[in-house]
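The structure appears right after this line, and notes come after that.
Throughout, read-outs are computed from the coordinates displayed, never taken from laboratory work. Note that the coordinates shown come from a computational prediction; the quantities given were computed from them, not determined experimentally. Cβ coordinates were reconstructed from backbone atoms using ideal geometry, including for glycine residues, and neighbour counts include every protein chain displayed.
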Amino acid sequence: MARVALVTGGQRGIGAAISEALQAQGRKVVASYAGNDAAAEAFTQRTGIPCYKFDVSDYDQCATAIAKIAAEIGPIEILVNNAGITRDGTMKRMDREMWDAVIDTNLGSCFNLAKLVWDGMAARKFGRIVNIGSINGQAGQYGQVNYAAAKSGIHGFTKALAQEGARSQITVNAIAPGYVDTEMVRAVPPDVLEKIIARIPMGRLGRAYDIARGVAFLTADDADFITGSTLSINGGQHMY
Ligand SMILES: NC(=O)c1ccc[n+]([C@@H]2O[C@H](COP(=O)([O-])OP(=O)(O)OC[C@H]3O[C@@H](n4cnc5c(N)ncnc54)[C@H](OP(=O)(O)O)[C@@H]3O)[C@@H](O)[C@H]2O)c1
C-alpha cells in the first residue's frame, strides 16, 4: 500500500514541487493550503492530488484536518512541514503581530502537525518528517528577525525530535533552501534580488524542484539511517 504523505503549503511554490516529487515516488500525496482556492483547484485538476484547507498555525484546525485526512485517505506516514510566510521589517518597524504570525506559521506549525501524527507513526514503527527551514535561519538576514528566529528554531526542533523518534524508526530532518524562484522571492525588490543572485556561486536562484528532490531523498523508505540532519540546498551561497 502506498504511504500517505502530507505536504503543507503543498499546492504552489516549493510545496507543489515537493508534492509532485513524492507522487512520482509512488506516495499517496495530500497537500494543504491556507486560502488560495484557485491555486488549489488548479493543482488538483492538474495532478489529481487532493488539497485540504486549514491554518497550520491553529492547533485545533490541524487536529480536525489530520483526522479528516486519516479517515478519507489514510494515516499520515510522511509529513513535510513546508508552509511558511514572511512579514519582513527591521526591528524599528516590526510589531508583535508580525513576529507572532511568522513564528506561529513557520515554527508553531511544525509542533502542531508533528504532535498530531507522532503517536500513529510510533505505533506503526515508521515515520518520515521533513521540516523546511531556510538559509536565513542559518545565517540570519537583515529585516527578518522573526523569520530567521522561526527557521533557526526549526533546525533545533528537528535535532531534538530526531532523538525522540529514533527508537520508533521515525526520522526527522530539515532542509535549508537558499533563494528559490517562487512568489515569496518574487516579492523581493529586483535590485535586492540582483545582489542576492550575485552572491550565489552557482549564479542562479534555486528551482522548486531542487528542493523537492531533497525531500524525496530524505523521505525514501531506505533513508532510515539519516536523521537529525539539515540538508542545505542553496547553490553554495552558505556552507554550514
Ligand atoms: N522561496 C524561497 O526562496 C525560500 C527559501 C528558503 C526557505 N523557503 C521556505 O520554503 C517554504 C515554501 O516557500 P515558497 O516560496 O514555496 O512559499 P509560497 O510560494 O509563498 O507558498 C507558501 C505556501 O504555504 C501556504 N501557507 C502559508 N501560510 C499558511 C497557513 N497559515 N496555513 C496553511 N498553509 C499556509 C500557502 O497557502 P496559500 O497558497 O493558500 O496561501 C502556500 O501553499 C516556506 O516554508 C519558506 O519559508 C523558501
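Which residue, Val145, Val80, Val188, has the most motion in a Gaussian network model of the chain that connects Cα atoms within less than 10 Å? The residue with the greatest mean-square fluctuation here is Val188. For the chain, the longest principal axis of the alpha carbon atoms and the long axis of helix 13-24 meet at an angle near 30°. Once divided by 2.2 N^0.38 Å, the Cα radius of gyration of the chain becomes 0.96.
Comparing Ala150, Ala65, Ala198 in a Gaussian network model of the chain, where Cα atoms under 10 Å apart are tied by springs, the biggest mean-square fluctuation is seen for Ala198. Across region 54-199, C-alpha contacts under 8 Å between residues 6 or more apart give a mean separation that, scaled by the residue count, equals a relative contact order of 25 percent.
Computed on the Cα trace of region 1-133, the radius of gyration divided by the Kirkwood hydrodynamic radius gives Rg/Rh = 0.99.
Modelled spin-label separation between Met91 and Asn36, with each label point placed 7 Å from Cα along the Cα-to-Cβ direction: 3.3 nm. What does the net charge come to around Lys53 if you take all other residues with beta carbon closer than 15 Å to its beta carbon, with K and R at +1 and D and E at -1? With Lys, Arg at +1 and Asp, Glu at -1, the net is -4. Using the Cβ-Cβ distance between His238 and Arg213 with R0 set to 22 Å, the FRET efficiency from 1/(1 + (r/R0)^6) comes to roughly 0.70.
Note on region 156-211: the C-alpha convex hull projects to 5.3 nm² when averaged across all orientations.
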